[in-house]
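A short worksheet on the structure shown next.
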Amino acid sequence: MSYLVLARKWRPQGFEDLVGQEAIVRILKNAINQNKVAHAYIFSGPRGVGKTTTARILAKALNCAIGPTPEPCGKCQSCIEITDGSSMDVSEIDGASNTSVDNIRDLRERVRYAPSGSKHKVYIIDEAHMLSTSAFNALLKTLEEPPPHVIFVLATTEPKKIPPTVLSRCQHLPFRRISGQKIKERLRFISNVDGINVTDSALEMIARAADGSMRDSLTILDQVTSFSENITESEIKDLLGITDVETLARLSQAMIEGDRIAIVNIISELTNTGTDLKAFTKDFLQFIRNLLIAKIVGQTENILDLSEEETIAINKLKGSTSEEHMAVILSELIKAEPSIRSAFYPRIVLEMTLIRLSLLSHLTSINEALSAISGEIASPEPAPSNKTRVFSNIQNDKSKGSCEDRSNFQGSSLSEVWNAAIKKIDETNHPLYSKLIEGEVSLDDNNINIVFNGGLSVHAESVKENIPYIKNVIHDISGRNVSINIKTREVKSVSKRDLIEDARNNPIIKEAMNLFEGRIVDVIPVSKGGNNV
């Protein structure tokens with residue numbers, strides 16, 4: 001006899017064998033006990049969670065020799081035929097390859113006939129969402145009023161694609177993803193029975209890789225049994241290409257600390273070892289997400305499904321970063337992941353993304369900045385943190401720089417002082433700088449007048465709020481106390497038609513038009529400085 005894969009060998013044969021679908025099992029058992037089995041069901045959920053298997057168990061429960069019963073014997077002729085897939089009264093139809101109206105018409109013809117040797121005829125339509133709209137319409141009447149001996153079960157991974165008219169005629173039972181812990185327990189039971197030597201850490205890794213699918217986990221376990229007699233975590237990593245936690249933790253630490261050399265070296269190591277960078281990005285994104293959740297909730301046991309190694313690494317890292325920092329990193333990684341996945345050179349996109357995110361380590365938090373401005377940062381403690389020490393050094397450097405700047409601009413003209421102040425503001429407050437350069441500046445003794453014309457007047461209020469800051473910058477540079485006045489000026493609007501007419505009457509433009517045999521297409525107003533308005 002040919003080898004039977006684990007997913008088929010250990011396919012549940014009764015409701016008690018189903019893993020992680022307790023609510024579904026309870027509903028179906030009660031329906032059978034109370035003789036309230038619906039004429040049509042929709043089983044929806046991710047792949048490999050037991051939808052089609054549950055439909056077969058339901059068929060056995062209804063057609064068992066001692067049934068209907070929630071505990072089919074599995075030994076009678078009907079149960080054996082359903083298990084082997086040879087029952088004349090239980091039909092499995094692939095919705096992906098039977099999508100036409102003609103297929104549904106054939107089904108409607110067969111529905112009318114009584115069961116050959118069972119109590120019920122059960123039709124299981126797998127991937128039901130693949131049926132065409134016309135096929136669904138042809139099935140509506142049969143679904144609504146089927147013969148009393150017929151049960152329909154529609155299994156689908158995408159219930160949103162099932163028409164509402166079909167959904168309203170069926171009982172919808174949504175299947176859930178199976179938790180990693182339950183998958184691990186089931187795999188341990190199967191491994192013990194089949195004599196498979198596998199470590200707990202390897203089973204945890206298989207359970208996570210299965211992503212809630214029991215069938216996928218059995219397929220992976222089947223695969224690794226051919227890879228090695230003694231299955232450990234390293235074998236799973238080699239076979240599935242899963243990144244080890246140490247590498248994820250090292251890269252996270254480098255990004256948090258802004259160590260771009262380490263980032264480049266780690267990416268180089270991954271490339272040299274043949275790691276799939278697209279799969280690595282997915283693993284790294286998940287690790288950063290877990291780190292953020294751990295930072296928010298503190299305890300990870302009840303929320304995150306982590307291995308012992310991951311828990312240790314995340315607990316070590318979460319004290320060196322902030323929620324804001326990790327939230328920004330996670331958000332940017334989510335945005336970049338599709339680009340990395342579709343890139344011709346994923347290494348370049350990944351490197352640039354991580355290097356850009358590492359620059360976030362140089363940003364000062366809002367609370368620290370506000371405290372510094374208000375003078376609330378106290379002198380350093382005997383053993384200050386890295387952030388406090390760096391910020392203190394920056395403040396000292398700024399103080400030294402202010403003294404040097406002041407000595408350089410003693411006795412300078414107000415125009416020179418203003419130009420130096422603008423450069424300083426650009427370095428420390430670029431948004432304010434971008435508004436100041438939009439205004440017309442006039443200087444008179446110790447008076448600085450800034451006028452915003454027309455639509456630029458929206459900047460006036462914001463600049464007014466920053467007048468004390470601008471004065472402080474000028475005083476730090478030159479020691480001068482100046483007066484700053486902010487004004488707005490309404491610009492008389494001129495219609496495009498008038499502008500074109502004035503241009504046509506301009507003698508220079510007339511001569512140019514005659515010389516080049518041209519015509520006026522458009523007139524673009526410019527400001528006094530020559531820039532487009």
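Where a number appears in this text, it was derived from the coordinates with a stated rule and is not lab data. The shown structure was predicted, so the numbers you read here are calculated from the model rather than taken from an experiment. We place every Cβ from the backbone using ideal geometry, glycine too, and count neighbours over all the protein chains shown.
Report the calculated FRET efficiency for SER134 and TYR113 (r = Cβ-Cβ distance, R0 = 35 Å), to the nearest 0.05.
That pair, SER134 with TYR113, gives E of 0.90.
Within region 1-35, what residues put their amide N at less than 16 Å from the label point 7 Å along the Cα-to-Cβ vector of ASP84?
So the set is 1-2.
Name the residue from ALA209, SER226, THR199 whose Cα lies farthest towards the positive end of the charge dipole of region 180-240, charges +1 on Cβ of Lys and Arg and -1 on Cβ of Asp and Glu.
ALA209
Give me the dipole magnitude in Debye, nearest 20, for region 6-174 about the Cα centre, with unit charges on the beta carbon: positive for Lys and Arg, negative for Asp and Glu.
So the magnitude is around 200 debye.
For ASN447 paired with ALA262, estimate the spin-label separation in nm (one decimal), with each label point 7 Å from Cα along the Cα-to-Cβ line.
It is 5.8 nm.
By how many degrees, 0 to 90 and rounded to 10, does the Cα axis of helix 496-505 deviate from the longest principal axis of the chain?
50
Mind jotting down a quarter of the surface of the convex hull over the alpha carbons of the chain, in square nanometres, one decimal?
Answer in nm², one decimal: 43.1.
Using DSSP to define loop residues, name the GluC sites (Glu not before Pro) in region 201-259 whose beta-carbon has at most 11 other beta-carbon atoms within 10 Å.
Within region 201-259, the qualifying GluC sites (Glu not before Pro) (loop, at most 11 other Cβ atoms within 10 Å) are GLU229.
Can you work out ³J(HN,Hα) from phi for every residue in region 324-337, in order, using Karplus 6.51 cos²θ - 1.76 cosθ + 1.60 and θ = phi - 60°, giving whole Hz and x for Gly and Pro?
Ordered by residue, 3J(HN,Hα) equals 4, 4, 5, 5, 5, 4, 4, 4, 5, 5, 4, 5, 7, 4 Hz.
Ignoring the sites themselves, what is the longest stretch of the chain with no chymotrypsin sites (Phe, Trp or Tyr not before Pro) in a DSSP loop and at most 10 other beta-carbon atoms within 10 Å?
4-343
For region 197-270, give the magnitude of the charge dipole about the Cα centre (Cβ charges: +1 Lys/Arg, -1 Asp/Glu; no others), in debye to the nearest 20.
In total the dipole reaches around 220 debye.
Check LEU154: other-chain or 5+ apart residues with amide H under 5 Å from its amide H, H built from backbone geometry?
The list, which skips near neighbours in sequence, is TYR41, ILE42, PHE43, ILE125.
Let me spell out the model: positive unit charges on the Cβ of Lys and Arg, negative unit charges on the Cβ of Asp and Glu, origin at the Cα centre of the chain. What dipole size does that give, in debye rounded to 20?
Roughly 1600 debye for the chain.
List the pair-distance distribution P(r) of region 1-129, using every Cα-Cα distance, as the percent of pairs falling in each 10 Å bin from 0 up to the bin containing the longest distance, rounded to whole percents.
12, 41, 37, 10, 0
What lysines could a cross-link reach from LYS9, if we take a straight Cα to Cα line under 19 Å and drop same-chain neighbours fewer than 8 places away?
Reachable lysines: LYS51, LYS60, LYS75, LYS182, LYS184.
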